[in-house]
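Notes to accompany the following structure.
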Amino acid sequence: MPSTFALPPDLTMTSVGAAADALRELALDSDVVLDASGLTAPDLSVLQLIESLRAEARLHGGDIRLAAAADHALTALLRRAGFTDAMTPDDNVFWFHGVPLQ
């Protein structure tokens with residue numbers, strides 16, 4: 001059964017350290033579901049946190065997925081950060097649950 005972790009709604013650069021500490025407690029050799037649906041104003045530190053978590057899980061044989069496809073705020077951030085310009089099919093499945101970006 002996957003572990004579920006809800007990202008705090010106010011997660012930004014000023015609070016990402018505490019979220020990173022909590023995420024380090026998860027078993028990254030198993031399935032982890034991140035709930036990012038409540039993020040109100042995510043910044044680049046949120047993307048860095050999620051991407052590093054994905055990479056760490058891959059190293060340990062685990063799988064990270066989002067509970068729901070990226071919402072408007074997260075999609076806008078992904079666009080601003082240039083993630084959508086170089087998105088792989090695997091990235092699209094992760095961030096948008098396989099739905100093509102418009």
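Number of residues in segment 38-64 that are crowded, with 16+ Cβ neighbours inside 10 Å and under 10 Å from the mean Cα position of the chain (by Cα) equals 7.
A Cβ distance below 7 Å, combined with a sequence gap of six or more or placement on separate chains, defines the contacts here; from segment 61-77, residues that are outside any loop (DSSP other than H, G, I, E, B) reach residues that are basic (Lys, Arg) in the pairs ILE64/ARG54.
The set of residues from segment 60-70 being at pLDDT below 95 and out of contact with any strand residue (DSSP E or B) (no Cβ under 6 Å at 6 or more places or on another chain) comprises HIS60, GLY61, GLY62.
The set of residues in segment 3-30 that are under 15 Å from ASP63 (Cα atoms), in contact (Cβ under 8 Å) with a residue 24 or more places away in the chain, surrounded by fewer than 16 Cβ atoms within 10 Å (Cβ to Cβ) and not hydroxyl-bearing (Ser, Thr, Tyr) comprises ALA27, ASP29. Among residues of segment 78-95 being surrounded by 10 or more Cβ atoms within 10 Å (Cβ to Cβ) and outside any helix (DSSP H, G or I), the one that is modelled with the lowest pLDDT is MET87.
The values are calculated or read from the model by the stated rules, or taken from the named source; none is laboratory data. None of these values were measured; they are calculated from a predicted model. Backbone-built Cβ (ideal geometry, glycine too); neighbour counts: all protein chains shown.
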